[in-house]
Amino acid sequence: MKVVSILVPCFNEEAVLPLFFDAISSLMQQPGFEWRVLCVDDGSTDGTLALMKKAREKDPRISFLGLSRNFGKEAAMMAGLDYVEGDCVVLMDADLQHPVDVIPQMLDKWEQGYEDVYACRMTRGSESWLRKTATRLYYKLLQAGSNYNVYPNVGDFRLLDRVCIEALRQLRESNRYTKGLYGYIGFRKTFVCFRTADRAAGKSKMSAAGLVRLALDGLLSSSAAPLRLATYTGLLVSACAFAYMIFVLVKTIFYGDPVKGYPTLVILILFLGGIQLFSLGVLGEYVGRIFTETKKRPNYFVRTLNGEKPTSR
């Protein structure tokens, strides 16, 4: 019998975990598969870890992994993939915005031979119009600068075959953007559609600043487009400056050069200075990521595995 694991990264999800475990328990009553659940506690400061322990006491098919501190969702998913067992894994959030009843559809696609079954949002729940528009534009920019597909309206809710898990385990970079890594590893992909629900309880832990950082990580780790943008902008500005130089030269030769143009001079200096600082900022973001990668620090540390000290892997 094939083993299906469900991987759930959690951070301060005390309010919603009981509802999640109830939903998962109903799913695991379905025959045909051997079920496993791995919850990754990403350094929660509430009762999340205690609820995981209680859930395991009731159902030994539920395991939990406690990280030493909050490393972020990307690192928590990486830790889960390192420890997860089974023939395939379903990644999902604990807030029930990812409907449990979509998982059987994923399994059907998996049994047809697909190795990466991603869930495509038909709606984005209660997100504001501004956030939806920004997300759409961001994915267009990301796709334009990548050499592989990064699908819009697709998150971490997906089923991965064991071959995909092993491939992702080999990618150990510190500045991770897993949505891009799914496209990078390839394999045979298909999708199922679902409607995003509102959070069953609690509040989202992702702030606006966190979303911006995640977007920058995705753009800079999946593409060299910002560097090319800085290059093209520099070329365009240089061309405009050269054209303006010709204009001033011709005007001086034919019409003389009365002492004017102070506002124009200030505007040009500020504009060119802004372009230079922007380009330096882009370079600095890439250099900072290179610096982080050269340190080769582990992406996470495990404090507990099912309530016990973990063995070295």
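Only the coordinates and a few stated rules stand behind these numbers; no lab work does. Predicted model, so just to flag it, every value in this text is computed and none were measured. FYI the Cβ positions are ideal-geometry reconstructions off the backbone, even for glycines, and counts take in every protein chain you see.
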Problem - Percentage relative contact order, segment 4-61, counting C-alpha pairs under 8 Å, at least six apart - result: 52
Exercise for the section: For each pair in Lys109/Lys189; Lys73/Lys296; Lys54/Lys309; Lys53/Lys309; Lys2/Lys109; Lys53/Lys179, compute the distance between the two Cα atoms and list the pairs where it is over 21 Å. Expected result: Lys53/Lys179
Handout entry: Modelled FRET efficiency - R0 45 Å, Gln276 with Asp108, Cβ distances, 0.05 increments
Key = 0.25
Problem - Principal axis box of segment 1-133, alpha-carbon based, largest edge first, Å - result: 43, 41, 26
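At most 14 other Cβ atoms within 10 Å and a DSSP loop assignment: could you name the GluC sites (Glu not before Pro) in segment 17-106 that fit? Mind dumping the intermediate values first?
On the way: sites: Glu34, Glu57, Glu74, Glu85; in loops: Glu85.
Those satisfying the criteria are Glu85.
Pull out a ≥ b ≥ c, the square roots of the eigenvalues of the alpha-carbon gyration tensor of segment 149-191, then state rounded if a/c is under 1.5, prolate if not and a/b is larger than b/c, and oblate in the remaining case.
It comes out oblate by the Cα gyration axes.
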